[in-house]
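The next block holds one structure in the form of structure tokens; read it before the comments.
The values are calculated or read from the model by the stated rules, or taken from the named source; none is laboratory data. These figures come from a predicted structure and were not determined experimentally. Backbone-built Cβ (ideal geometry, glycine too); neighbour counts: all protein chains shown.
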Amino acid sequence: MSGHGTPQPLTAHRSGPLKGVAEVPGDKSISHRSLILGAMAVGETRITGLLEGQDVLDTAAAMRAFGAEVTQHGAGAWSVHGVGVGGFREPEQVIDCGNSGTSVRLIMGAMATSAMTATFTGDASLRKRPMARVTDPLSLFGTQAYGRKGGRLPMTVVGAADPVAVRYTTPMPSAQVKSAVLLAGLNAPGETVVIEREATRDHSERMLAGFGAQIHVERTSEGNVITLTGQPELRPQVVAVPRDPSSAAFPVCAALIVEGSDILVPGVSQNPTRNGLYPTLVEMGADITFENPCEEGGEPVADLRVRFSALKGIEVPPERASSMIDEYPVLAAVAAFAQGRTVMRGVKELRVKESDRIDAMARGLEACGVRIEEDEDTLIVHGMAGDVPGGATVAVHLDHRIAMSFMVLGMAAKSPVTVDDGTAISTSFPIFTRLMGDLGARFA
Ligand code: S3P
């Protein structure tokens, strides 16, 4: 839903040692995809562990608007009665994707090759974000899009009645763009090919194969060449959504900087296209052990045991950026407690997330007494070896990850840190305050 309610400030006080087990919710990317692919399969897909954050609920509502039957049976247990590839019906109302870039971009792709018109909008954050990165490749299928200046929402998309398969090289590392093209390719006859120079999260490829599509990934010197054969009949699946490594990042990082902490975060996805934060933290000196590695829902998972650690700043390899793109805000918060500089280069994609995350982190860290340097593509945090002043109110700009990152920082800073709107957190991690409170966080 677009627009948030009244902003509610939330304050993190310096907290005692964190102890216990943190069961974080289901993976957001996989939750969106299980609803969308479930809606494009013929028959009933059953999902457990679905993230019930607002972003995913907005995707569920959109799939209903396109004709799928989407039902909640219990906590995290959902079913989707799909209408088949090419079976969407034209929605009667505007599709409101709230705060969620993944919802709007993937759903635009999914409807782009059906003869129907749909209008999309979102909240003040989503209405600022660029959509041409998706509508440009969709136009190659024959799709038309009419939006506000700069390719912004609200936007009306007219699906191609006679789509043609495309070959497209993504100009920026983006799983949303790749996925939009693949989902559009489902209803185009022939082979749609997406080439990505840098690997991005591969949940769409894994799940398309799981739903019975013919999809083939070749690793070449050009990058990953992904070939999808159009017009398959997708078979409904039983999907067990693993826990989200991007949500796990918050209790993990909090435990690293709050003295005396020792926590367990079980069943976290360790998909190599998603888990770049964890080797980065280990390189910084973090005491994390990866226990009981196994496979769940087609994804590698592990239990993470995390203990308070003295961290040192590092240069994060830029080629790791895609595999940890959503984790830079919390890494920047943790870097403030390390000894020495943490250098994050090759991160300009952060400027077009739910907020300009380089700017939001830079301003918030400065307000908390931390020295930073930034340019268009870089953020450098000068660590204070555990002595972070805090004592500021930080603007989160409708961005859940900015809000949670500063709540983590406030748990170990000398003076309390307030975020101006804690309601943003519910888009991806609705149980955040309760879960962190159970570990020993002092929030008010
Ligand atoms: C996502 C891809 C990433 C990520 C977002 C979720 C996805 O965005 O930041 O939170 O589920 O495909 P980009 O594709 O724009 O990098």
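Of the residues that sit in the range 151-167 and are in a strand (DSSP E or B) and of a type in the set (Val, Ile, Thr), which one is farthest from the ligand (Cβ to nearest atom)?
Of the range 151-167, the ones in a strand (DSSP E or B) are 152-158, 167.
So of that shortlist, the ones also of a type in the set (Val, Ile, Thr) come out as 156-158.
Numbers: Thr156: 22, Val157: 18, Val158: 24 Å.
Within the range 151-167, the match that is farthest from the ligand (Cβ to nearest atom) is Val158.
One line per residue, one yes/no per condition, for (1) surrounded by fewer than 20 Cβ atoms within 10 Å (Cβ to Cβ); (2) more than 16 Å from the ligand (Cβ to nearest atom); (3) in the same structural domain as Ala424 (by TED's automatic domain parsing); (4) without any contact (Cβ under 8 Å) to a residue 24 or more places away in the chain:
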residue: Glu327; (1), (2), (3), (4): no, no, yes, no
residue: Phe337; (1), (2), (3), (4): no, yes, yes, no
residue: Met344; (1), (2), (3), (4): no, no, yes, no
residue: Val347; (1), (2), (3), (4): no, no, yes, no
residue: Asp359; (1), (2), (3), (4): yes, yes, yes, yes
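From the list Ala145, Ala110, the one residue that fits, being farther than 21 Å from Lys28 by Cα and of a type outside the set (D, E, K, R), is Ala145. The set of residues from the range 80-96 being buried (at least 17 other Cβ atoms within 10 Å of the Cβ), in a loop (DSSP other than H, G, I, E, B) and without any contact (Cβ under 8 Å) to a residue 40 or more places away in the chain comprises just one member, Pro91.
Answer yes or no: is there a residue in the range 291-309 that is part of a strand (DSSP E or B) and among the hydroxyl-bearing types (Ser, Thr, Tyr).
To start, the set of residues in the range 291-309 that are part of a strand (DSSP E or B) comprises 291-296, 299-307.
Then keep just the ones that are among the hydroxyl-bearing types (Ser, Thr, Tyr); that gives none.
No: zero hits.
I'd like to verify a number: residues in the range 287-334 that are among the hydroxyl-bearing types (Ser, Thr, Tyr) and more than 23 Å from the chain's Cα centre (by Cα), how many? Total meeting the criteria: 2. Across the range 122-137, the number of residues qualifying as crowded, with 19+ Cβ neighbours inside 10 Å and in contact with a strand residue (DSSP E or B) (Cβ under 7 Å, 6 or more places away or on another chain) comes to 5. Applying the condition of being among the acidic types (Asp, Glu) and surrounded by fewer than 23 Cβ atoms within 10 Å (Cβ to Cβ) to the range 226-278 and asking which residue is farthest from Leu435 (Cα to Cα) yields Glu233.
In the range 172-215, how many residues are of a type outside the set (A, V, I, L, M) and within 12 Å of the ligand (Cβ to nearest atom)? Working first, answer last.
Restricting attention to the range 172-215, the residues satisfying the condition of being of a type outside the set (A, V, I, L, M) are 173-174, 176, 178-179, 185, 187, 189-192, 196-198, 200-206, 210-212, 214.
Imposing the further condition that a residue be within 12 Å of the ligand (Cβ to nearest atom) reduces the set to 173-174, 176, 178-179, 196, 198, 200-205.
Qualifying residue count, the range 172-215: 13.
Checking Gly369, Gly383 one by one, the residue that is over 29 Å from Met172 (Cβ atoms), in the same structural domain as Ile314 (by TED's automatic domain parsing), of a type in the set (Gly, Ala, Ser) and touching a Pro at 6+ places or on another chain (Cβ under 6 Å) is Gly369 and no other.
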